[in-house]
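Since the structure comes first, as structure tokens, the remarks are kept for the end.
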Amino acid sequence: MTTLPCGRTSEDVLLNLDEPADLHELQCRWCHAERQRLKDQNGFITRLLQTSTPEHEPEAFSKGILGKIASLGPRQRIWDVQDPATGLPQRLSSLELIKAIRKAFADSTTTQLNYTEIKATDAKVPHLRWKIQCHVSMADDSTVNAIEQQVLGFVCDAIRPLISWEELVVDLVIEDLHGQAIESVTLREKN
Ligand SMILES: [Zn+2]
């Protein structure tokens, strides 16, 4: 069993492989990479069973190491944002923004959100320029053009109630079923 730098294990990712990424995986580079790797791996379960036997992982050892590693989890960065309703400064975590983005994708039958990351790109307080990275897979019968519009729409709808922006840049990476990037495109939305 391999432990990732964020504290989750290959097994955690594997058990969740048939489901959409959860909130942690959505913003964890290590889990995202592991998910991509697992999708292409045959015979992984066999190896996992072979290597996760107790004698290879004395309990004391794993507890100490896992405890240290757990503190390296995805950083919940807190951002100074402008509340769109009141125009006043407010503080929001990356997780709150990512939750909203995931919700927007949840009902889509043509796109699945695999990984996302949001950060401000200006030094203002509150921040008014934002960059959002979205890795998505798309259904076979959809087109890149349609996906671009859809993703930009989902992201804007998701964060519009939460933050104001002058400029929003969405770096979209479209992945195939195996998690390989097949197209990257940068989308922009100005207010
Ligand atoms: Zn992780």
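Each value in this text was obtained by applying a stated rule to the coordinates, not by laboratory testing. This structure is a prediction, so every number in the text was calculated from the model and none was measured. Cβ: placed from backbone, ideal geometry, glycine included. Neighbour counts: every protein chain shown.
For this structure, a couple of remarks:
- For Leu187, residues with placed amide H under 5 Å, excluding near neighbours: Val170, Asp171, Leu172
- Length-normalised contact order of the range 78-190 in % [C-alpha pairs under 8 Å, at least 6 apart]: 26
- Amide H contacts under 5 Å for Glu117, placed H, 5+ residues apart: Gln133
- Each residue of the range 169-179 was assigned a 3J(HN,Hα) from its phi angle through the Karplus curve 6.51 cos²θ - 1.76 cosθ + 1.60 (θ = phi - 60°); the sequence is 10, 10, 8, 9, 10, 9, 10, 7, 4, 8, x Hz, with glycine and proline shown as x.
- Cut-off under 5 Å, modelled amide H: who pairs with Trp79 long-range: Leu92, Ser93, Ser94
- FRET efficiency for Gln112 and Asn191, using Cβ-Cβ distance with R0 set to 25 Å, rounded to 0.05: 0.35
- ³J(HN,Hα), Karplus 6.51/-1.76/1.60, whole Hz, each residue of the range 138-152, x for Gly, Pro: 10, 5, 3, 8, 9, 10, 4, 4, 5, 5, 4, 5, 5, 5, 4
- In a DSSP loop and with at most 15 other Cβ atoms within 10 Å, the GluC sites (Glu not before Pro) in the range 119-191 are Glu166.
- Take the Cα of Asn145, step 7 Å toward its Cβ, do the same at Val125, and the gap between the two points is 4.6 nm.
- Judged by the mean number of other Cβ atoms found within 10 Å, the most tightly packed of the peptides 6-12, 137-143 leads the ranking 6-12, 137-143.
- Under Karplus coefficients 6.51, -1.76 and 1.60, residue-wise ³J(HN,Hα) of the range 5-18 in Hz, glycine/proline x: x, 8, x, 6, 10, 3, 5, 4, 5, 4, 5, 9, 4, 7
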